[in-house]
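The values are calculated or read from the model by the stated rules, or taken from the named source; none is laboratory data. No experiment lies behind these values; they were computed from the predicted model shown. Glycine gets a Cβ as well: all are built from the backbone with ideal geometry, and neighbour counts include every protein chain shown.
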Amino acid sequence: MRTPMITPEGMEKLKEELDHLWRVERPDITNKVSWAASLGDRSENADYHYNKKRLREIDRRIHYLRKCIDDFKVVHYHPHQEGKVMFGAWVEIENDQKGLKKRLRIVGYEELIGAKDYISMDSPMARALLKKEVGDEVVVKTKVAEFIWRITKIEYQK
């Protein structure tokens, strides 16, 4: 099960996407469907079929976004988070054995799309990092192997 949490920035993006779909894309596609339908025979009307399909996709996404916006809990920064890895944290980690360094942000699953440095708080990495402090070592168990990471920095967007 996924944790229904989101950062304030993530919620703002969802609301912007919903607004854009509702006020810009949906009216535009609705007009195209009406225009294509007015041409007559719909059985071989590619514009009509394509835009009807697109309208269904938009409506599904709008329904999903409205549900997310109602269901997600926005987690704001609080000073008690300082010094510990919590939801919304930017975490820098190192793996000395492999010579790897990473900078990650722990966020909700809906925020992952298009963000290569974000990880879901439900991921093995995030679960291992939660509540740890700078200098702590964490063991991340995956299906492939175990990895040891050391936390070098924790930051929050305020």
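When 43, 34 are checked against the criterion of being loosely packed, with under 13 Cβ neighbours inside 10 Å, in a helix (DSSP H, G or I) and hydroxyl-bearing (Ser, Thr, Tyr), 34 stands alone in meeting it.
Listed by first and then second residue, the pairs linking a residue in the range 43-57 that is in contact (Cβ under 8 Å) with a residue 40 or more places away in the chain to a residue that is surrounded by 13 or more Cβ atoms within 10 Å (Cβ to Cβ), with Cβ atoms under 6 Å apart and 6 or more places separating them unless they lie on different chains, form an empty list.
Just wondering, is there one or more residues in the range 110-123 that are out of contact with any Leu (no Cβ under 9 Å at 6 or more places or on another chain) and either under 18 Å from residue 140 (Cα atoms) or modelled with pLDDT of 95 or more (or both)? For the range 110-123, residues out of contact with any Leu (no Cβ under 9 Å at 6 or more places or on another chain) and either under 18 Å from residue 140 (Cα atoms) or modelled with pLDDT of 95 or more (or both): present. Among residues of the range 9-31 being among the hydrophobic types (A, V, I, L, M, F, W, C) and under 26 Å from residue 115 (Cβ atoms), the one that is surrounded by the fewest Cβ atoms within 10 Å (Cβ to Cβ) is 24. Residues in the range 46-58 that are surrounded by 14 or more Cβ atoms within 10 Å (Cβ to Cβ) and more than 24 Å from residue 14 (Cα to Cα): 47, 48, 49, 50. Test residue 62 against the stated conditions and say whether it is out of contact with any Cys (no Cβ under 6 Å at 6 or more places or on another chain), modelled with pLDDT of 95 or more and in the same structural domain as residue 13 (by TED's automatic domain parsing). When the stated conditions are applied, residue 62 passes them. Taken over the range 45-90, the criterion of being farther than 30 Å from residue 151 by Cα and among the aromatic types (Phe, Trp, Tyr) is satisfied by 48, 50, 64.
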